[in-house]
Amino acid sequence: MSLKAVVGTNILEVIKSVRKNKEWRVLVVDKLGMRMISSCCKMHNLTENGITIVEDLAKKREPLTTMEAIYLIQPNQNSVDILKKDFESIRSLQYRLAHVFFTEACPDDLFTEICRSPASKFIKTLKEINIAFLPCEAKIFSLDNPSSFSTLYNPAKTSHCASTLEKLAAQIATLCSTLGEYPSVRIRGEFEHNAELGHIIQSKLDAYKADDPTMGEGVDKHRSQLLIIDRGFDPVSPLLHELTFQAMAYDLLQIENDVYKYEAPSPDMPDKEVLLDDNDELWVELRHQHIAVVSQEVTSKLKKFAVDKRMKCKEDKTSVRDLSVMLKKMPQYQKELRVYSTQLRLAEDCMTKFKGNVEKLCRVEQDLAMGTDSEGEKIRDHMRSIVPILLDQNITSMDKIRIILLYIIGKNGISEENLAKLIQHAQIPEPEKNIVTNMKRLGVQVIYDPKFRKPKTIERKERVSEHTYQLSRWSPLIKDIMEDACNDKLDQKLFPYLSGKPASSGHSSSGTRSARYGHWSKGPSRSEHRSGPRLIVFILGGMTYSEMRSAYEVCREFNTWEIYMGKIFHLPLLFVR
């Protein structure tokens with residue numbers, strides 16, 4: 001089941017719960033709420049359920065004193081202050097009444113503030129809906145907290161770790177609640193923060209379970225797992241140039257907030273902006289395919305479309321310029337043709353970058369990651385291929401750093417003298433030198449130490465075959481881990497259960513955590529999303545697009561399982577910096 005669909009359904013149920021006599025409502029959202037609505041709901045769905053306008057909590061709004069408002073906001077000081085101000089005086093009301101839905105548990109002090117404020121007289125509903133995460137794709141969610149990576153891996157920021165882990169745990173717990181899951185919590189034991197985060201999540205899940213004893217019940221639900229892994233489990237994948245469509249585009253092109261900007265094919269047309277998301281069916285179909293076949297796929301689909309619409313189309317490869325000509329001749333098919341035009345242009349831009357420096361970088365990166373060449377022969381002297389890359393003035397310092405790090409990881413550490421020579425050959429700027437040595441924070445041995453204990457990991461699966469692209473031989477370690485978890489073969493010494501392996505799904509408890517809301521708590525309960533077992537993976541320190549792709553691949557392989565993967569952030573360049 002799509003995570004976006006689950007969250008979208010929950011939001012619409014919240015809206016339906018407070019609609020009476022087909023009255024119109026105002027929907028007021030904060031930053032997270034706006035992103036949820038934009039990602040998971042369409043405006044016509046909101047309108048059908050009585051929403052006449054969506055307003056930003058932080059902006060100045062026109063008073064609508066004859067209408068009731070639905071607030072979808074985070075329970076923080078800023079949001080609560082604005083809520084109180086909207087109803088601080090009967091002479092300056094923003095709306096007639098308020099239905100407030102917090103995205104997660106409201107702290108006691110803020111709840112007390114609301115109760116003691118004049119606004120309490122105008123609040124008709126006050127509930128926690130437990131959606132403190134952002135669904136990015138059908139199987140991917142974000143906690144949108146990039147600063148946590150630095151906090152958890154930087155010794156100078158140790159004092160902030162506890163609050164950061166608490167926040168992450170609260171967000172992950174709301175994901176489980178939204179899915180109706182009470183999973184067994186497993187961790188990678190090599191990183192201390194994994195256990196800390198796991199225990200906090202477990203306590204929050206226990207509280208949700210006490211509030212709703214049916215949480216986590218269903219066929220095979222005792223097999224559901226929440227797997228918490230730190231970024232050090234696989235430092236290689238974030239360093240590689242990936243050649244599947246989505247990963248390549250986000251790594252090499254200027255795509256911000258999923259928006260791809262490009263110049264129009266004709267001078268008399270304005271520049272284009274396209275949102276790359278799950279609403280674009282062609283993008284969803286192509287994003288995990290290798291770049292070698294993407295252009296062929298788009299051209300093939302375009303030809304089929306042209307035949308169906310009795311349009312003329314070139315027999316050989318179609319270009320973006322050809323599509324612009326077709327647009328002018330057949331304006332009635334503008335929407336469809338622009339979809340093809342976007343993906344074709346995106347593929348062409350990726351290939352332009354690839355034919356520059358990326359191709360030779362990929363060749364060296366794959367050899368370093370695999371330890372063997374494309375023929376499967378062990379490489380005994382990597383320096384022959386590394387040095388020309390480091391001396392090349394056309395290759396960026398960040399790409400050179402990626403090569404140096406891959407070499408260090410493959411050697412399990414090098415001498416200080418050799419590291420200094422590599423940095424000197426690559427002409428790495430002084431401010432960027434620490435990027436290399438800081439990899440020790442992820443458990444990587446940068447400077448060789450005979451006393452260093454290399455972290456244990458699972459045995460890698462052989463995936464290279466005659467059909468494997470030579471420049472795409474590496475597969476992310478997370479794919480092996482997810483497959484083993486679904487097969488109930490994941491090493492319990494390396495990835496222990498926090499409370500021991502569950503024997504069954506039986507769990508009974510009771511509680512009334514939401515009782516403090518009294519008459520405000522009337523409304524919908526968590527919607528039911530029945531399924532088989534689910535595997536939820538959270539990588540503490542971000543993930544790559546190749547790892548995101550792996551989640552979809554394993555989900556197709558084990559079709560009785562649903563797999564969701566969470567991130568703080570992604571992109572190799574952000575990881576390196």
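Cα centroid separation, segment 485-499 to segment 544-558: 19 Å. Surface composition of the chain: carbon and sulfur atoms hold 50% of the protein heavy-atom accessible area at a 1.4 Å probe. Sequence-distant contacts, meaning Cα pairs under 8 Å at least 6 residues apart, place the relative contact order of the chain at 19 percent. The listed residues Phe149, Phe245, once ranked by accessible area (1.4 Å probe) with the largest placed first, stand as Phe149, Phe245. Net length available on complete extension from Glu263 to Val284 is 5.3 nm, with 0.36 nm assigned per residue and the Cα-Cα distance removed.
When both bridge partners sit in the chain, DSSP labels roughly 20% of those beta bridges antiparallel. When the pairs Lys4/Lys335; Lys456/Lys479; Lys261/Lys335; Lys456/Lys493; Lys411/Lys479 are compared against a 19 Å limit on Cα-Cα distance, Lys4/Lys335; Lys411/Lys479 fall above it. Straight-line cross-link reach from Lys221 at under 20 Å between alpha-carbon atoms covers these lysines, not counting any fewer than eight positions away in the same chain: Lys139, Lys204, Lys209, Lys489, Lys501. When only Cα pairs below 8 angstrom with a gap of at least 6 residues are kept, segment 50-196 shows a relative contact order of 18 percent.
Distance from the Cα centre of segment 443-469 to that of segment 150-198, in angstrom? Each part reduced to its Cα centre gives a spacing of 25 Å. Taking every protein chain into account, the accessible area of the chain amounts to 47 square angstrom per residue (probe 1.4 Å). Of all DSSP beta bridges confined to segment 28-163, the antiparallel ones make up roughly 10%. For the chain, a/c is not less than 1.5, where a ≥ b ≥ c are the root eigenvalues of the C-alpha gyration tensor, and a/b does not top b/c. That puts it in the oblate class.
With the charge dipole of the chain set up from +1 on Lys and Arg Cβ and -1 on Asp and Glu Cβ about the Cα centre, the Cα lying farthest toward the positive end among the listed residues Leu540, Tyr262, Thr112 is that of Thr112. Protection proxy ranking for 457-470, 150-163, 195-208, using the average of other Cβ atoms within 10 Å per residue and placing the highest first: 195-208, 150-163, 457-470.
The values are calculated or read from the model by the stated rules, or taken from the named source; none is laboratory data. Computed from a prediction, not measured in an experiment: that's the story for all the values here. As a convention, Cβ positions derive from the backbone with ideal geometry for all residues, glycine included, and neighbour counts pool all protein chains shown. Accessible surface areas use protein heavy atoms only, side chains included; no ligands, DNA or RNA. Shrake-Rupley method; radii C 1.70, N 1.55, O 1.52, S 1.80 Å.
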